Amino acid sequence: MGLAVRLIFSIALGAVGGAVFYYFNLPLAWMLGSMTITTIAALAGAPIALHMPTRLSMTAVLGTLLGSAFTPQILQQLQHWGAGALTIALFVTLMTALAVTFLMRVGGMDRATAYFSGTPGGLGEMTIVGERMGGDTPTIALVHATRIFVVVFLLPLFLAGIADLDVPNTARVLASRPAAHGGELAILAACAVVGYILGQKLPLPGSQIFIPMVVSAAAYLAGFVEGRPPAEVIAVAQVVIGAAIGARFVGLNLRKMARPIILGVISALGMLALATAFAYVAAPILGLPMYALLLALSPGGLAEMSLIALALDVDTAFVATMHLVRIILIVTLAPIFFRAMGWKAEKPTTGGGN
């Protein structure tokens, strides 16, 4: 079966999963449904495919949609963002230290594998750098994929069930504003294309989503566009990104890789619990909304967490920017700290991931 057919099958299957979740009125139905059904299908050996150019294209679309949150009114909130960025830096340092210690002492991973598995940066970036530093590549990738799945799946359910936040089964998408149409849609499409091209050329962490967001934000701040992005586009983005998460589990041998998965689940739950406690304590001190800070601190993927914030209309600009800060800090500083500690790969003591 060719790649194009497998890709179409994956997206179609994701749409079916999203429709099922939507029917049962579950939160963030299109992304969680797509992610769940494609993960199950991938583990069952179905021909699920992750086509990176397609995902990057949808990431550029998502970045363009995130730019819609940068209205002139957002300038009044910028005084809180510096404190938010400092909080992110402190929290990531604490979260990484605890996760790496857990993966080494309980999980029996070697230092390089534990370090780059427990550092909540981008999946691709941490896997590549971890491999160069002598870590076990499949284990690092699997722990990160598991972390993203657990956080993206559980966080909306937590907000809807325990925190009693109104989490719709489809995107709320800045519902207080009229939808963009006609010429505004053409401008947004141009922003996505320009952002995608520039994002491919600029070697910056998160550039595939950051550059389109900046281009789109400029259009909104300049007054060229005022309407919100169509909810249908958000739903499509949720389906594609959800299917991309599921596709990361293709070809996985559950018996061989059960230990990294279990360690990934436990570390993800610990990170999420720590983020919740940290947000509960720090939000009133910083003058930030508790749920916005929780979304900013939660260690999901940049695209996934930004999409959740956009769908819920919870301080989208703040959440997306803080996750960009997290990714840039980790991708820049994690290798430096690893070398500074004089660590190198060792034989794992209990076979974690091998």
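The values are calculated or read from the model by the stated rules, or taken from the named source; none is laboratory data. Note that this is a predicted model, so its numbers are computed, not measured. Here the Cβ positions follow ideal geometry from the backbone for every residue, glycine too, while neighbour counts run over all protein chains shown.
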Which of the residues that make up the stretch 262-284 are out of contact with any Pro (no Cβ under 6 Å at 6 or more places or on another chain) and either closer than 30 Å to Ala49 by Cβ or modelled with pLDDT under 90 (or both)?
Ile262, Leu263, Gly264, Val265, Ile266, Ser267, Ala268, Leu269, Leu272
Return only the number of the condition from (1) at pLDDT 90 or above; (2) surrounded by fewer than 18 Cβ atoms within 10 Å (Cβ to Cβ); (3) assigned to a helix (DSSP H, G or I) that Leu103 does not satisfy.
(2)
Go through Ala309, Ala345, Ala317 for me and flag whichever is modelled with pLDDT under 80 and farther than 19 Å from Ala97 by Cβ.
Ala345
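Tell me whether the stretch 122-132 contains one or more residues that are touching a Lys or Arg at 6+ places or on another chain (Cβ under 7 Å), at pLDDT below 90, of a type in the set (Ser, Thr, Tyr) and part of a helix (DSSP H, G or I).
Looking through the stretch 122-132, none of the residues is touching a Lys or Arg at 6+ places or on another chain (Cβ under 7 Å), at pLDDT below 90, of a type in the set (Ser, Thr, Tyr) and part of a helix (DSSP H, G or I).
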Going through Arg259, Arg255 one at a time, which residue ends up being among the charged types (D, E, K, R) and at pLDDT below 90?
Arg255
Checklist (1) assigned to a helix (DSSP H, G or I); (2) at pLDDT below 90; (3) crowded, with 20+ Cβ neighbours inside 10 Å applied to Gly300, failing item
(1)
Let me confirm something: among Ser57, Ser34, Ser68, Ser10, which residue is surrounded by fewer than 17 Cβ atoms within 10 Å (Cβ to Cβ) and either touching a Lys or Arg at 6+ places or on another chain (Cβ under 7 Å) or polar (S, T, N, Q) (or both)?
Ser57
Here is a check on your reading of the model: is Leu32 in contact (Cβ under 8 Å) with a residue 12 or more places away in the chain and farther than 30 Å from Ala258 by Cβ?
no
Across the stretch 133-143, which residue is surrounded by the most Cβ atoms within 10 Å (Cβ to Cβ) among those that are in contact with a Ser or Thr (Cβ under 7 Å, 6 or more places away or on another chain) and assigned to a helix (DSSP H, G or I)?
Val143
Before we move on, is Glu226 over 22 Å from the mean Cα position of the chain (by Cα) and either surrounded by 19 or more Cβ atoms within 10 Å (Cβ to Cβ) or farther than 29 Å from Ala97 by Cα (or both)?
yes
Count of residues meeting criterion [charged (D, E, K, R) and at pLDDT 90 or above] in the stretch 171-221
1
Neighbours by Cβ (under 8 Å, 6+ apart or cross-chain): first from the stretch 79-91, closer than 12 Å to Gly287 by Cβ; second of a type outside the set (S, T, N, Q) and surrounded by fewer than 20 Cβ atoms within 10 Å (Cβ to Cβ)
His80/Leu286; His80/Gly287; Ala83/Leu286; Ala83/Gly287; Gly84/Leu286; Thr87/Phe278; Thr87/Ala282; Thr87/Leu286
So, Arg248, is that one surrounded by fewer than 23 Cβ atoms within 10 Å (Cβ to Cβ), touching a helix residue (DSSP H, G or I) at 6+ places or on another chain (Cβ under 8 Å) and among the charged types (D, E, K, R) or not?
yes
Selection from the stretch 289-316 of residues that are within 15 Å of Gly206 (Cα to Cα), out of contact with any His (no Cβ under 7 Å at 6 or more places or on another chain) and small (Gly, Ala, Ser)
Gly300, Gly301, Ala303
